[in-house]
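Reviewing the structure listed below.
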Amino acid sequence: MPSPEQWTHPEPGEGPAAQAAQPSREQVIAGLRNTDAGGAEVTQLLTPEGERIASPQFDRYIPDIDPEALRGLYRDMVLVRRADREANAMQRQGQLGIWVPLLGQEAAQVGSGRALRPQDMAFPSYREHGVAYTRGVDFKELLGIFRCTDHGGWDFKAHGFHPYTIVIGNQVLNAAGYAMGQKFEGKVGDDEGEATIVYFGDGATSQGDVHEGFVWASVYDAPLVFFCQNNQWAISEPTERQSRLPLYQRARGYGFPGIRVDGNDVLACLAVTRWALEECRHGNGPVLIEAFTYRMDAHTTTDDPTRYRLSDELEVWKHKDPIERVRVHLARGGHADQAWFDQVQAEADAFAADLREFCFNMPEPPPDRVFANVYADPSPVLDSQRDEYLSYLAGFVEAGER
């Protein structure tokens, strides 16, 4: 049996590869503690203790992050987390069919989302509520998806944020095609160029769609940032059952750069994503970012994580909370006092209360809503199906009147 270090971080030429067997409890804990900060190769600008780390390579990508901007990032994460917790509670109360929590991944999503420019495009999976928020999507628009009343009602092009994708990894193919279009239309090559970012989890890296997206983006030098939120668990399987190498190193085999960033560090996520987007918008091809973070809640509200992971993990990662490290940094530097933190929390509570009021009183959509916005142009076939369906429903009304 390989050592815990080899199980979690096997390197070429450094011993036998990870065996395809279930690791013991001791190996899981030891492997976690060996990599709980992402290893020596991780990019970090703000430690879990709130200490700022200078980076000659990446500090130049966040010259605008003064205390006011950092307070803004803190506020973003607090509001997003509060909305996420409220949606989770509403699902338990029967107001939503399902919810996909992002607890613990706020820094990865807010940091990378704030790195995007208006002309950029983002392709989410089904957990990127924080990215949606940074792209100006009303959080209420997300609730309809999980209440099963619509597929997402925001203007995808105006917000630069595509609809959620439920099929694991499928959004990577869509993003690769979109980014190839940006390249073919000459929208890359200078500071004003466009770029695309696509979000997926560590489990999605085992999907063929992700592999194909890597291939096509690579050979066409597509301006595409692959943003992998490695939250350690592909539903009920740990990352070490998915890969023999750290995920960011997979980029090497496709011929483009890969980097691992502390996914609980909002500054590092912001700086690294800005760097990656700049590489892409200048025509230097795709980049893979592995944001090393942790899923603090269940995969979805239908999942029970206590059946497959240990409480030791949760306790370790609680000390790496992405919001707490920014709060400590602001407080120690004298950039925010308790009154300001209380004000942000009150704003977050009001934000959640507004969501709750909206969700509890959300009107049922008309029957023909399911046929709306399926195609950009009118479709005679779809129109015929809609008319037939509405006629079928009308028959019940007429029968009841007789």
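A Cα-only calculation for the chain places Rg and Dmax at 22.3, 81 Å.
How many nm separate the modelled label positions at D155 and D354, each set 7 Å beyond the Cα in the direction of the Cβ? Placing both labels 7 Å beyond Cα along the Cβ direction yields 2.0 nm.
Remark: the chain carries a charge dipole of roughly 520 debye about the Cα centre, counting +1 on each Lys and Arg Cβ and -1 on each Asp and Glu Cβ.
Over the chain, what is the percentage of antiparallel beta bridges among all DSSP beta bridges, to the nearest 5? Just about 10 percent of them are antiparallel.
Hey, for a label at E398 modelled as a point 7 Å past Cα toward Cβ, could you say which residues of the range 359-379 have their backbone N under 20 Å away? What the label zone holds, given the 20 Å backbone N cut-off, is 367-368. Database remark: amide H of A122 closer than 5 angstrom to the amide H of F161, H162, I197 (H placed geometrically; neighbours at sequence offset of 5 or more, or on other chains; Pro and chain starts carry no H).
Since every read-out is calculated from the coordinates, none of them should be taken as a lab result. Values in this document were obtained by computation on a predicted structure and should not be read as measured data. FYI the Cβ positions are ideal-geometry reconstructions off the backbone, even for glycines, and counts take in every protein chain you see.
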